[in-house]
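Take a look at the structure set out below.
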Amino acid sequence: MSLIKAEGLVGGYGNVKVLNDCTVEVDRGKIAVIVGPNGAGKSTAMKAVLGLLKLDSGTVTLDGRDITKLPPQDRIRAGMAFVPQTENIFPSMSVFENLQMGALLRKDPIAAAADEIFSLFPILSDKRSQQAGQLSGGQRQQLAVGRALMTRPSVLLLDEPTAGVSPNVMDELFAKITEIAAQGLAVLMVEQNAALALEIADTGFVLVEGANRFTGSGSDLLNDPDTRRSFLGGRP
Amino acid sequence: MTDILNAFSHITSLLVIPGLAYASQLAFGALGVTLIFGVLRFSNFAHAEGMSLATMFCILITVWLQGASVSIAPLPTALIAMFLAIPLVALVFIGTDRALYKHFRAINAKPEVFMIVSAGIMLISNGVIRVVIGPEGQSFADGERFILTAREFREWTGLTEALVLKTSQLLSIVLALIAGGLLFWFLNRTQMGRSMRAYSDNRNLALLSGVDPNKIVWVTWILVAVLSVMGGVLFGLDKGYRPFVFQQMLLPMFAAAVVGGLGSPVGAVVGSMVVAFSELLLTFAWKKFLAYLLPTGLAPESLMQILATEYKFAISFLILVIVLLIKPTGLFGRATK
Amino acid sequence: MNIRPGVLYAAMAVLLLLVGFIQSWQLALTIINLCLISSIMSLGVNLQWGVAGMFNVGTMGSAAVGGLAVVLISASPVPEAWDAGGMGVLFSGCMLVLTIALALWVSKLMDGHRMKLWLIVMILLVGLTLTRMVFLPATAAIESVDAASTGYLGGLGLPVALSWLAGGLFAALVAWPVGRLVSGLRSDYLAVATFGISEIILAVLRNEEWVARGVKNVTRLPRPVPFEAELQAVEWAQNLAVWSGLPIREMASILVKLAYAGWFLGVLLIIYCLLQRLQRAPWGRMMRAIRDDEEAARAMGKDVGRRHLQAFVIGSAIVGIGGAMLVTLDSQFTVTGYQPLRFTFLIWLMVIIGGSGNHRGAIFGSFLIWFLWVQAETFGHSLAWAVGVLLTPENAISVALQEGAAQLRYVVMGSILVLVMRFAPRGLIPEEQKEFTLDKR
């Protein structure tokens, strides 16, 4: 029984169906990656998990509880956290204020949670009173992840966390994400850099035209010549 | 030496103090403009009329208080009236928001639509004010008019040039400092204030973080009501209340907000200083000042005014246009978009 | 076939006829004349906002510049003023041009140099100071020539109808550099900037008395129709008066207003036809494409800034023509009459209520709004009277309403604007939908 499970998702924008029976799930301490060609509905699937998309059918459960009808804010209250692909920080506020905003839904003191974030991303600790808009691309992504973790979620949703960052930073970010999962979180992410992401993933979902085409462990998908050729850019 | 002191007293009395008072009054308006822009995302054309409306409430309450012989002399009665007017004005603003702006937010209307609606509200308030209180000027200042009169100063110092300080000027400056301090404390140090800034910074992320947009909108209008009442009353005490005067404040206020960067409260304050002092410096008659400082033979004959006083209001527009063309984001504006 | 515009226009005609029968024909014609002029102005605004999607709130400036053209073209010249300071003003104008040219030349010559900015500031400071030294005495001399009746340079004394064209041209000449500066700005900033610029134009007109007497107003401007007094002496007019049973004074006034209406209607029809052609031409289609999806149009390689500038200039020119016609109708140029409420927001209201993007709608909106604008005061008086009867005439509320009856029109106009935006954002005669819609995600 997975912690978060979205099953048989069908939906889209207006009359355009983007998702046609798509299923994703991930358990505590595991990393699942959604990959697939452009326009396959990867980000849309993630939005559906968070509740930002009006579904025609399908169910989302969190720890066995049906949350399909819950609005996004209530899902976040229930233990989900989301890092959007862009505009994922408050640029004119300081790093620390960004973390404070992340913990808005929590009523208890936030010092401990902030300390955990600072020990996970030491660079943020150094820049805690700097304006977030002045951070470098990689630091911004770290802050965005840190902000999302402030609610101490059980599920972390990441929409292309490595979009637009340099390869070095990418490796570092993936390492951090592995570290986060190891603490017991269920991590679900959408990635453009499929090959790299599948290396750290426990499960990979390959979406094509809004439906699951292949599902398997990260290494299985990486070693499968079919998926390699079709979706991983045919890299050796 | 006396000449230098005279020159100093002359510009303090006629330039520095009026400039600070005007900048303070302007800052109340510009902060309102910038808060509405930051949180609600539109330029509020009705803002000047809103201040006028707020002042109108205050005048009516002041008259009522004076009738009931409530007084805090030597301070003007309007100061008490202010506190009574704030809830009323806040109700009007929130009512307008619920009746109109809320709908346009819900349908995600373009900023132009908000501006057109605010122009409609401007027209309505304009008419209502004139029907209720009449188009003529109203004097509602009571209490002590001067803190330092010309005669007192001359007797005290023996200088020819008197340094005059009006109660309304000192009140404007002091209350602006207090209100500004409280506003910045609220925005930077409280959860609600942070949420407001976050909402204006990145609306979607703020919503995801659990910010309640309705609450933010309410608090914004309440803040705007407080600022409008204070700014309007202080301006009215200083310059006398005439309904159309506030319409002329609209562009200096916009100019101040844009110079500082729309959406930035610090910018609004700095922008107000820039606009107020540019207006005064450029239209100030420097003749007397120079006559005191220069040797007798060199004293200028003309008024030494850079621009005619009639251009006073045009200056703020000019600053506005120049800033828009050179750096539309203003001094403290966000770099993005 | 959509019958709505026809019905609305017919209803409007009935309303105006009712004014003629119940109130007076003179009033009806006065309203119609201003409706026609407002229609022209709102066509200009509609081109900018409805067709191009530019949020220009500087309509008042264009109207004032158009009005100024009437003074400069058709007023009689004041030779004494020219003798007194004409050369001085021209000379200072040349100095100004030279200063700016020098600054531009230096700016090009020293591109990238460290001292460039300072040098340009110095050039401008020195140049402007020198210019002022010539300019101020010259204008002072002009303004002191028979200050009570002239005190300005006067115009060229040309036929007044020519000044309408000139009004459009002047407004276009002012709009072009303004448009160059603002057409790239975001709508909030565009609105604030154009609003500010229109106020600057008015500030200059108010204070530079040598141009058009400032707040002292230029009166008795020539007109393209005969005077009432002349008509009263003409035989056919007298016969017409006898035939219709109206006093000759009234008849003459009606005839003059009809003549004006003829002129205005002619201009309106010409502009309307030209705009309709433009609308159907590739230019119009492209403008709407840009308005509906600027990003897509840009991606398709359309020069959005240039198109916006064109719409801005043409629209301003049309407003300028309307402004010139208004001054001709009043036979006087009253600077203090230019208020943003009347010349910017009211025109906007006309465009929006009629249906932005649709010229027929804009014209209908102008008729309706001007009609309401005039009648709102009547309505206000009736309301005050009714309240006075219901309560007592001395009651504070009825006194306030009596005194504020004229102000109620603002409330009425604002409410209409707000209600239209809320419940019929596409106006009473909505723009026809595109033949097909792109399915956009």
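The values are calculated or read from the model by the stated rules, or taken from the named source; none is laboratory data. Please read all numbers here as calculations on a predicted model, not as lab measurements. Note that each Cβ is placed from the backbone with ideal geometry, even for glycine, and that neighbours are counted across all protein chains shown. Heavy atoms of the whole protein, side chains included, go into the accessibility calculation; ligands, DNA and RNA do not. Shrake-Rupley method; radii C 1.70, N 1.55, O 1.52, S 1.80 Å.
I need the full set of residues from segment A:160-173 which are open to solvent by less than 10 Å² (accessible area, probe 1.4 Å) and not β-branched (V, I, T), in order please. Before the answer, list the steps.
Filtering segment A:160-173 down to residues open to solvent by less than 10 Å² (accessible area, probe 1.4 Å) leaves A:161-162, A:173.
Residues satisfying the conditions are A:P161, A:L173.
In segment A:46-75, the residues that are of a type in the set (D, E, K, R) form Cβ pairs under 6 Å with partners that are part of a loop (DSSP other than H, G, I, E, B) and open to solvent by less than 30 Å² (accessible area, probe 1.4 Å), at six or more places apart or across chains, as follows: A:K47/A:L53; A:D63/A:L3; A:R75/A:G51; A:R75/A:I67.
For segment A:80-89, the count of residues that are in contact (Cβ under 8 Å) with a residue 40 or more places away in the chain and more than 13 Å from chain B (Cβ to nearest Cβ) is zero. The set of residues in segment A:8-19 being part of a strand (DSSP E or B) and either modelled with pLDDT under 90 or crowded, with 21+ Cβ neighbours inside 10 Å (or both) consists of A:G8, A:L9, A:G11, A:G12, A:Y13, A:V16, A:K17, A:V18, A:L19.
Yes/no matrix, rows are residues, columns are (1) without any contact (Cβ under 8 Å) to a residue 40 or more places away in the chain; (2) among the polar types (S, T, N, Q); (3) touching a Leu at 6+ places or on another chain (Cβ under 7 Å):
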site: B:G38; (1), (2), (3): no, no, no
site: B:L53; (1), (2), (3): no, no, no
site: B:Q66; (1), (2), (3): no, yes, no
site: B:S69; (1), (2), (3): yes, yes, no
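Only one of the listed residues (C:G88, C:G61, C:G93) is within 19 Å of C:V319 (Cα to Cα) and either surrounded by fewer than 24 Cβ atoms within 10 Å (Cβ to Cβ) or not β-branched (V, I, T) (or both). That residue is C:G61.
If you go through segment B:303-318 one residue at a time, do you hit one that is open to solvent by 90 Å² or more (accessible area, probe 1.4 Å) and either within 21 Å of B:Q248 (Cβ to Cβ) or within 13 Å of chain C (Cβ to nearest Cβ) (or both)? Spell out how you get there, then give the answer.
Step one: list which residues in segment B:303-318 are open to solvent by 90 Å² or more (accessible area, probe 1.4 Å), which gives B:303, B:310.
Narrowing further to those that are either within 21 Å of B:Q248 (Cβ to Cβ) or within 13 Å of chain C (Cβ to nearest Cβ) (or both): B:303, B:310.
Scanning segment B:303-318, I find at least one residue that is open to solvent by 90 Å² or more (accessible area, probe 1.4 Å) and either within 21 Å of B:Q248 (Cβ to Cβ) or within 13 Å of chain C (Cβ to nearest Cβ) (or both), so the answer is yes.
The helices (runs of 4 or more DSSP H) found entirely in segment B:74-193 that carry 1 or more residues being open to solvent by 30 Å² or more (accessible area, probe 1.4 Å) and either within 30 Å of C:L341 (Cβ to Cβ) or touching a Cys at 6+ places or on another chain (Cβ under 8 Å) (or both) are B:78-96, B:102-106, B:111-133. For segment C:120-130, the condition holds for no residue, the condition being that it is surrounded by 14 or more Cβ atoms within 10 Å (Cβ to Cβ), at pLDDT 85 or above and part of a loop (DSSP other than H, G, I, E, B).
Remark: pairs (first residue in segment C:176-189, at the interface with chain B (Cβ under 9 Å from one of its Cβ atoms) and among the aromatic types (F, W, Y); second residue open to solvent by 30 Å² or more (accessible area, probe 1.4 Å) and in a loop (DSSP other than H, G, I, E, B); Cβ separation under 6 Å; 6+ apart in sequence or on different chains) = C:Y189/B:P328. Every condition in (1) more than 14 Å from chain C (Cβ to nearest Cβ); (2) without any contact (Cβ under 8 Å) to a residue 60 or more places away in the chain holds for B:L123 except the one numbered (1).
Scanning segment B:194-220 for residues being out of contact with any helix residue (DSSP H, G or I) (no Cβ under 9 Å at 6 or more places or on another chain) and either more than 9 Å from chain A (Cβ to nearest Cβ) or crowded, with 16+ Cβ neighbours inside 10 Å (or both) gives a total of 1.
Report yes if some residue within segment B:248-258 is more than 9 Å from chain C (Cβ to nearest Cβ), open to solvent by 40 Å² or more (accessible area, probe 1.4 Å), modelled with pLDDT of 85 or more and closer than 28 Å to B:N188 by Cα; otherwise report no. Looking for residues that are more than 9 Å from chain C (Cβ to nearest Cβ), open to solvent by 40 Å² or more (accessible area, probe 1.4 Å), modelled with pLDDT of 85 or more and closer than 28 Å to B:N188 by Cα, one finds none in segment B:248-258, hence no. Since A:S129 meets every condition but one in (1) farther than 21 Å from A:I180 by Cβ; (2) crowded, with 18+ Cβ neighbours inside 10 Å; (3) in contact with a Phe, Trp or Tyr (Cβ under 8 Å, 6 or more places away or on another chain), which condition does it not meet? Of (1) farther than 21 Å from A:I180 by Cβ; (2) crowded, with 18+ Cβ neighbours inside 10 Å; (3) in contact with a Phe, Trp or Tyr (Cβ under 8 Å, 6 or more places away or on another chain), only one is false for A:S129: (2). Of the residues making up segment B:194-217, just one is in a helix (DSSP H, G or I), closer than 15 Å to A:A144 by Cα and among the polar types (S, T, N, Q), namely B:N204.
Of everything listed in (1) of a type in the set (F, W, Y); (2) touching a residue at least 40 places away in the same chain (Cβ under 8 Å); (3) over 21 Å from C:F195 (Cα atoms); (4) open to solvent by 40 Å² or more (accessible area, probe 1.4 Å), the single unmet condition for B:W286 is (2).
Applying the criterion of being outside any strand (DSSP E or B) and crowded, with 17+ Cβ neighbours inside 10 Å to the residues of segment A:210-223, the residue that is modelled with the highest pLDDT is A:G210.
Would you point out which residue out of A:G138, A:G146 is modelled with pLDDT under 90 and either part of a helix (DSSP H, G or I) or within 17 Å of the chain's Cα centre (by Cα) (or both)? The match here is A:G138. Within segment A:181-194, the set of residues being assigned to a helix (DSSP H, G or I) and surrounded by fewer than 17 Cβ atoms within 10 Å (Cβ to Cβ) comprises just one member, A:A182.
If only one of B:G232, B:G271, B:G267 is closer than 26 Å to B:F140 by Cβ, at pLDDT 90 or above and small (G, A, S), which one is it?
On inspection, the qualifying residue turns out to be B:G232.
Each row is one residue, and each column tells you yes or no for (1) in a helix (DSSP H, G or I); (2) β-branched (V, I, T).
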{"residue": "C:A10", "(1), (2)": "yes, no"}
{"residue": "C:V19", "(1), (2)": "yes, yes"}
{"residue": "C:S38", "(1), (2)": "yes, no"}
{"residue": "C:M41", "(1), (2)": "yes, no"}
{"residue": "C:N46", "(1), (2)": "yes, no"}
{"residue": "C:N56", "(1), (2)": "no, no"}
{"residue": "C:V71", "(1), (2)": "yes, yes"}
{"residue": "C:V89", "(1), (2)": "yes, yes"}
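There is at least one residue in segment A:82-93 that is touching a Pro at 6+ places or on another chain (Cβ under 7 Å) and assigned to a strand (DSSP E or B). Within segment C:151-185, if we keep just the residues that are open to solvent by less than 40 Å² (accessible area, probe 1.4 Å) and not in a helix (DSSP H, G or I), the residue that is farthest from C:T328 (Cα to Cα) turns out to be C:L185.
The set of residues from segment C:383-417 being free of Cβ contacts under 8 Å to residues at least 40 places away in the same chain, within 31 Å of the chain's Cα centre (by Cα) and open to solvent by less than 60 Å² (accessible area, probe 1.4 Å) comprises C:L401, C:G404, C:A405, C:A406, C:Q407, C:L408, C:R409, C:V411, C:G414, C:S415. Can you name every residue in segment A:20-38 that is assigned to a strand (DSSP E or B) and either open to solvent by less than 50 Å² (accessible area, probe 1.4 Å) or in contact with an Asp or Glu (Cβ under 6 Å, 6 or more places away or on another chain) (or both)? Within segment A:20-38, A:C22, A:T23, A:V24, A:V26, A:I31, A:A32, A:V33, A:I34, A:V35 qualify. Considering the conditions (1) over 27 Å from A:D27 (Cβ atoms); (2) modelled with pLDDT of 90 or more, A:G164 is excluded by exactly one of them, (2).
Does B:G330 satisfy the criteria of being over 30 Å from B:I59 (Cβ atoms), in a loop (DSSP other than H, G, I, E, B), more than 9 Å from every other protein chain (Cβ to nearest Cβ) and open to solvent by less than 10 Å² (accessible area, probe 1.4 Å)? Yes; evaluated as a whole, the condition is true for this residue.
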